[in-house]
C-alpha cells in the first residue's frame, strides 16, 4: 500500500466554508494523501511534488510524478500537464481527456482521471498497519476482547479509504477474535461485509479478471473457512 500522510481535512473544510467558490482554492491547499472511492487509486501531494498512481482490475498500472505549481497545475512532462480541480469534500478531481499525453505513463485502459478524497490520519498506511500489528499481538496473547476493541474501530473507520483486498483480508483476521469470544453472529455479520461471503470460487472467477481473482482468492478461501468456524461457534 502507498504511504499515507494527511491531516488537513478540518482545515480544508474551513477554507471551503469561508470562500464563495471552490474554484478559488489554490493548489497549495492540497497537501497529504488522497484516494479514489475504489481505494486503488492514490495521489500524494507534497509541497512541490505530486505522485499519482492507479491500477486497473486487470492489473495495468499508472504512475505519474510531477512538479506541483502554485497555479494548481501538475507538470509531469512538457506534454503531460493537468490541474487538481477542487471538490466540496476537501478533495479534488483530475479530468484528463481521452488519449491524453499523460497516457505515456500508464498501461492499457488505466488512468489517474477521477475524484479523490482526503485520507484521515488514522487511515495512514503506517497507522493502519500498526493497529493491525497490535491486534495480532493481543490475539496471540489470548487477549481476545482487547484485540477486537483495538482493531474493529480502525477497520470500520478506514473502510472507505482502503481497497477491498486490504479490507477483506483484515476483516478475516478480525473475525477470529469474535470466534474466540463465542460471538458467532457478530463474526458472521463482519464477514458478510466482505465480497467473498456467500459467494463461490466459481462465481468470483467469473466476475473478476484473472489478476484480481488471483490476488483475492487466497483471502476468499480464508473468509469461507472462518465463516464456517464462526457458524460452528453459534
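The values are calculated or read from the model by the stated rules, or taken from the named source; none is laboratory data. Only a predicted model underlies this, so the values are computations on that prediction, with no experimental measurement involved. As a convention, Cβ positions derive from the backbone with ideal geometry for all residues, glycine included, and neighbour counts pool all protein chains shown.
Tabulated values for the structure
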{"read-out": "Test result for residue 218, in the same structural domain as residue 144 (by TED's automatic domain parsing), within 24 Å of residue 140 (Cα to Cα) and in a loop (DSSP other than H, G, I, E, B)", "value": "no"}
{"read-out": "Members of region 59-94 that are part of a loop (DSSP other than H, G, I, E, B) and surrounded by 13 or more Cβ atoms within 10 Å (Cβ to Cβ)", "value": "59, 60, 69, 72, 76, 77, 80, 84, 87, 89, 90, 91"}
{"read-out": "Matching option when the condition is under 15 Å from residue 96 (Cα atoms) and more than 16 Å from the chain's Cα centre (by Cα), among 77, 71", "value": "77"}
{"read-out": "Verdict on residue 199 being surrounded by fewer than 19 Cβ atoms within 10 Å (Cβ to Cβ) and under 19 Å from the mean Cα position of the chain (by Cα)", "value": "no"}
{"read-out": "Qualifying residue in region 101-108 (condition: at pLDDT below 95, exposed (fewer than 15 other Cβ atoms within 10 Å of the Cβ) and out of contact with any helix residue (DSSP H, G or I) (no Cβ under 6 Å at 6 or more places or on another chain))", "value": "yes"}
